[in-house]
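Heads up, the thing below is written out as structure tokens.
The values are calculated or read from the model by the stated rules, or taken from the named source; none is laboratory data. Source: prediction; values computed, not measured. Backbone-built Cβ (ideal geometry, glycine too); neighbour counts: all protein chains shown. These accessible areas exclude ligands, DNA and RNA; they are computed on the full protein's heavy atoms, side chains included. Shrake-Rupley method; radii C 1.70, N 1.55, O 1.52, S 1.80 Å.
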Amino acid sequence: MFLGQVLASLKKTTKIFYAAEICQFGIKKIISASKVGSLQEEWEPGAIVLLRDCIDMVHRDITLDDLGSDVADMTFPFDSNLCEIIKKSAEKAKINLGTDAVYVLSVNGSRLETPSEINLLRNMYSGKLVVGMIVPTEAQLAKTLGIEYAALSIVTNYAAGMRGEINKSI
């Protein structure tokens, strides 16, 4: 067996196991928490943002065709009812919550984006962007499994090149 076949087999087994674990526990709703880099001056480290949409530039293969699952419709990756509950709860608790954030997954692996990658994102999209490593993958899995999903992110740093310094706060 070739190494590529072994790795493909491991990935398939892992994603099916992960999905099976979620289903086994009867999870119906997920509110995810993640850390992100901000492309917005007003969202400085420590800010909490509620995600409205996501852009997956990596396109990890998490399809669950083996389980007979349909293709995930990502028109609305985050559940509007859960998002409203989060907004109202934050308002009631007097928590300043950034809204309308678009989460971008632009690199595959445990590394931060380069300043040029961040500049590219800023030139491609005029909305309120944050960058991270996992949310679109989670959103797709939740959609595939029929789980209501919302995501909050805490800003841990400005994205690369925003401040002309090395990110140390992650």
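Of K29/K92; K28/K94; K35/K94, which sit over 25 Å apart, Cα to Cα? Checking Cα-Cα distances, K28/K94 exceed 25 Å. When a 1.4 Å probe is rolled over the protein heavy atoms, the share of accessible surface on segment 88-170 that falls to carbon and sulfur comes to 49 percent. Averaged over residues, the count of other Cβ atoms within 10 Å places the peptides 143-150, 110-117 in the sequence 143-150, 110-117, highest first.
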